């Protein structure tokens, strides 16, 4: 048996760098301060306690009785069990594992094109940087993983002209549909691959014939597998309910204005410029291809539109651009050299060691709790418990998920579940908290509230300091907690009619 060559050792170092550099950054501890992860944990707890999935909203006063699809229920159960076992360190472990999973899935996808190893390593490293922006303890990163796996299998099936490579795809899409609503991305790209014969027929009408290496699987197998994949998306506890969630999102375009991750990139972070550069390189490479590639042109246009419209989809822009670049270099690499299995085993053994060492030096759960308290109203929650205060409460959009977890006995008025609280409800909440317009005080939810959790920087928090109906019962650097002392005063008719 030959010893590992020096070149293989360098490859091991490169792989370790790709999957290990993020572990050196102190920012990884900040994942415990995310807003929406808390309602995911509480949902998992609710499911475990009740031995069923919720059909209506059990967490908010405004959503009580409304149909609710907890479409990420397997992830939520797993997250709850991990947090119950390891507390806040469990949240960090989930985030790191999801980041590694996204990077590994991207590396797998790039290798399907068989470019030179160093091109693969460079593209994967760039992609891993972008993935840090979409890394979280929520189910969103699972979409990135499933997308890369499905696209990789479709590419390999097409290149090898092998129907067998398609067999795992329906199972992957079924799993995807049970953890995140963006499984429709997988159906979309599968549909594009089914359209390859149609695209080639259209191009032939313009005198553009397929290249000598062009291959595509029989349409009956492709369309049949797509039909099976689509049918399996209904094999979930909510059935067609997951598609109703999609329809609700489509009907609420203003949601993109209210949520930071669905807003366009502001180019105030370095990673935004990395996405821009990789997208421009992808466009340049696509334009230099000797023959039109309609499937990649469509995917590139879709990915660029999605990523530059909403920051949460910058991973899509990066993945498709990286694929186009990898394919370009693969076409100029006539003798692709596979990476020795021992290289992969050695590299991931070292990454595992780095991961263990990193957690050995991690902050304690108590220290992580202090980080949570600097972002969430943990002190106010403790005060409510200690003094047995009662609701109703009035809270903002960002803290709703945490309060669902920390104060399960008092329903919130709003939280990050946009499929429960639509654009009108979220817009009204923002209007009240920012004291906009003449009727902000007439907000019925504020009028009914006994407790108000206010961010010290919010306009409403300042205004309530001078309101005789409320008094401050707790205050720290993160939150001001108000309790009602007088019943609400009716708003004069001339003010309420404006």
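No value in this document is a laboratory result; all are computed from the given coordinates. This one's a predicted model, so the numbers in the text were calculated from it and none came from an experiment. Neighbour counts run over all protein chains shown; Cβ positions are idealised from the backbone, glycine included.
Note down the nm distance, to one decimal, between modelled labels 7 Å out along Cα→Cβ at residue 277 and at residue 388.
In this crude label model, residue 277 to residue 388 measures out at 6.2 nm.
I'd like the orientation of helix 241-250 relative to the chain: the angle between its Cα long axis and the longest Cα principal axis, in ° from 0 to 90, rounded to 10.
Rounded to the nearest ten degrees, it is 80.
For the chain, find the longest principal axis of its Cα atoms and tell me its angle to the long axis of helix 270-287, 0 to 90°, nearest 10.
Its long axis makes an angle of about 30 degrees.
Between residue 228 and residue 267, what is the label-to-label distance in nm when each label sits 7 Å out along the Cα-to-Cβ direction?
4.7 nm
With a ≥ b ≥ c taken as the square roots of the eigenvalues of the C-alpha gyration tensor of the stretch 298-386, please select rounded if a/c is under 1.5 and otherwise prolate if a/b is larger than b/c or oblate if it is not?
The shape class here is oblate.
Enumerate the residues in the stretch 421-440 having an amide nitrogen under 16 Å from the point lying 7 Å beyond the Cα of residue 467 toward its Cβ.
Counting only backbone N, you get 428-440.
For a Förster distance of 25 Å, can you work out the FRET efficiency between the beta-carbons of residue 309 and residue 62, rounded to the nearest 0.05?
Calculated value: 0.30.
At 0.36 nm per residue, and after removing the present C-alpha to C-alpha distance, how many nm does the segment from residue 477 to residue 30 gain when stretched out fully?
159.1 nm
I'd like the distance between the alpha-carbon centres of the stretch 32-65 and the stretch 352-396, rounded to an integer number of Å.
18 Å
Quick check: the angle from helix 184-194's long axis to the longest principal axis of the chain, C-alpha only, nearest 10 degrees?
Between helix and principal axis, roughly 20 degrees.
Label the stretch 369-476 by shape, choosing from rounded, prolate and oblate, from the square roots a ≥ b ≥ c of the eigenvalues of the Cα gyration tensor; if a/c is under 1.5 it is rounded, and otherwise prolate applies when a/b is larger than b/c, oblate when it is not.
oblate
Determine the relative contact order of the stretch 376-496: mean sequence separation of Cα pairs under 8 Å and six or more apart, normalised by residue count, in whole percent.
Relative contact order here is 26 percent.
Hey, for a label at residue 81 modelled as a point 7 Å past Cα toward Cβ, could you say which residues of the stretch 30-61 have their backbone N under 16 Å away?
Output list for this probe position: 41-53.
Under a plain spin-label model, where a point goes 7 Å from the Cα along Cα-to-Cβ, how far apart in nm are residue 256 and residue 205?
Reported label-point gap for residue 256 and residue 205 is 3.1 nm.
Take the alpha carbon atoms of the stretch 146-194, find their center, do the same for the stretch 99-128, and report the distance between the two centers in whole angstrom.
Rounded to whole Å, the Cα centres lie 18 Å apart.
State whether the stretch 246-318 is rounded, prolate or oblate according to the following rule on the C-alpha gyration tensor (a ≥ b ≥ c being the square roots of its eigenvalues): a/c under 1.5 gives rounded; otherwise a/b larger than b/c gives prolate, and the remaining case gives oblate.
Taking the square roots of the gyration eigenvalues as a ≥ b ≥ c, the stretch 246-318 is oblate.
Hey, of [x] 27.7; [y] 24.5; [z] 22.0, which did the structure itself give for mean projected area of the Cα convex hull in nm² when calculated?
Looking at mean projected area of the Cα convex hull in nm² for this model, the match is [x].
Can you give the FRET efficiency for residue 49 and residue 375, using 1/(1 + (r/R0)^6), R0 = 22 Å, r = Cβ-Cβ distance, to the nearest 0.05?
Efficiency, rounded to the nearest 0.05: 0.25.
What does the extension gain come out to for residue 240 and residue 352, with contour length at 0.36 nm per residue minus their alpha carbon separation?
In short, 36.3 nm is gained.
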